[in-house]
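Shown next, in structure tokens, is the structure this report addresses.
The values are calculated or read from the model by the stated rules, or taken from the named source; none is laboratory data. Since the model is a prediction, treat every value here as computed from it, not as a measurement. Cβ atoms come from the backbone with ideal geometry, glycine included; neighbour counts cover every protein chain shown. Calculation scope for accessible area: heavy atoms of the full protein, side chains included, ligands and nucleic acids excluded. Shrake-Rupley method; radii C 1.70, N 1.55, O 1.52, S 1.80 Å.
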Amino acid sequence: MKSARLNRLFGASGNCFDVAIDHGMFNERTFLAGIEDMKTAIKVIADASPDAIQLPPGTAPLLQAIPGKQRPALVLRTDIANIYGNPLPSALFSEMIDRAVEQGVALDAACVVVNLLMLPDQPEVYRACVRNVNSLKRECENYGMPLMVEPLVMQDNSKGAYMVDGTIDKILPLVRQAAELGADIIKADPCDNVQEYYRVVEIAQGLPVLVRGGGRVSDQEILTRTKQLMEQGARGIVYGRNVIQHNNPGGMTRALMAIVHDKASTEEASRHLA
């Protein structure tokens, strides 16, 4: 069943565009821009036909209630953390939802996703994430559920909330650890020098690598970066704010799908935004 679910997640090209709309899970006000009305946000993205939409258990039914056979696959967010505020809370955690894989099966998910967080001077959060991945892995095997692991190297939040660390030498060992822990799919940040991303793909040992979008940037930057990443062997993308906070989220979805699946140039892709 794992292969059947993977076939629902990845398109005929062998690639995947997963639109992340799970930001409300993390109790951070700034994450809610563009998704205040989840029913509308999900419908707009679903109508643009990405391969998947990433959602928490509370709003996943909104996607699965869409009639017809063509709706995007569900990627279920399985963990919650309180690491994105500035200032940070006095005690940090990363907690998994109850019986995550069973919930994924009940919701007809094609995949479940969990964080592997590396924050400066926060070893207990990292340890909790390792436990989360370990507990999910065996259950995923039992249920035939693909496991997406999200190894994220973060900067000190005092520099600004939700800041990622794009240092390649920090990203590589965490991506490799995710692979060694049993991930079926890796969701990783781009590195500071995009032209080095082939090293992330290589260190993942043949697992499909989907690139995380991160903070909001200009249309030209996100399209150009995506093109460069795909040319280096990435198997797709998981973008949230660069889609859901765009003034034309459906058009941006179609533009990125053209790059991910059709190898469109940035100029060709940008026509979807007109």
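Kindly provide the pair-distance distribution of segment 152-249 built from C-alpha pairs, with 5 Å bins from 0 and whole-percent values in order of increasing distance.
Percent of pairs per bin, in order: 2, 13, 24, 25, 19, 11, 5, 1.
Below 14 angstrom from the Cβ of ASP98, what's the summed charge of the other residues (Lys, Arg +1; Asp, Glu -1)?
Here the charged neighbours net out to -2.
Please figure out what share of the DSSP beta bridges in the chain is antiparallel and state it in percent, rounded to the nearest 5.
Taking every DSSP beta bridge with both residues in the chain, the antiparallel ones total about 10 percent.
Ignoring ligands, DNA and RNA, what percent of the accessible area of segment 1-126 is carbon or sulfur (1.4 Å)?
Of the solvent-accessible surface of segment 1-126, carbon and sulfur hold 55 percent.
Summarise the accessible area of segment 147-274 (1.4 Å probe, protein heavy atoms) by the percent that is carbon and sulfur.
C and S fraction of accessible area: 45 percent.
Accessible area per residue of the chain at 1.4 Å probe, in Å²?
For the chain, the solvent-accessible area averages 43 Å² per residue.
Please pull out the direction-averaged projected area of the chain, using the convex hull of its alpha-carbon atoms, in nm² to one decimal place.
Average of the hull's projected areas for the chain equals 13.0 nm².
Considering the chain as a Gaussian network with a 10 Å cut-off on Cα pairs, which listed residue, GLY206, GLY166, GLY34, attains the greatest mean-square fluctuation?
GLY206
Considering the Cα trace of segment 69-117, what is its radius of gyration and what is Dmax, both in angstroms?
13.9, 46
Net charge near MET25, counting Lys/Arg +1 and Asp/Glu -1 over other residues with Cβ under 12 Å of its Cβ?
It works out to a net charge of -3.
For segment 23-98, what are Rg and Dmax over the alpha carbons, in angstrom?
When restricted to the Cα atoms of segment 23-98, Rg and Dmax are 14.2, 47 Å.
Roughly how much of TYR239 is accessible, in Å² to the nearest 10, using a 1.4 Å probe?
Surface accessible to solvent at TYR239 totals approximately 0 Å².
Compute the Kirkwood hydrodynamic radius of segment 1-60, taking the inverse of the mean of 1/r over all pairs of distinct Cα atoms, and give it in Å to one decimal.
So the Kirkwood estimate lands at 12.7 Å.
Would you mind counting up the charge near VAL114? Only other residues with Cβ under 12 Å from its Cβ, with Lys and Arg at +1 and Asp and Glu at -1.
Result for the neighbourhood of VAL114: -2.
Would you please give the residues with an amide H less than 5 Å from that of LEU152, counting only those at least 5 places away or on a separate chain, with H modeled from the backbone geometry?
Long-range HN contacts for LEU152: LEU116, LEU117, MET118.
If amide H atoms are built 1.01 Å from N in the plane of the peptide, which residues on other chains or at least 5 residues away come under 5 Å of the amide H of ALA20?
Those lying under 5 Å, H to H, from ALA20 are GLN54, TYR239, GLY240.
What ³J(HN,Hα) values, in whole Hz, does the Karplus curve 6.51 cos²θ - 1.76 cosθ + 1.60 give for segment 57-70 when θ = phi - 60°, with x put for Gly and Pro?
Each residue's phi maps through the Karplus curve to give x, x, 10, 4, x, 5, 5, 6, 7, 5, x, x, 8, 9 Hz.
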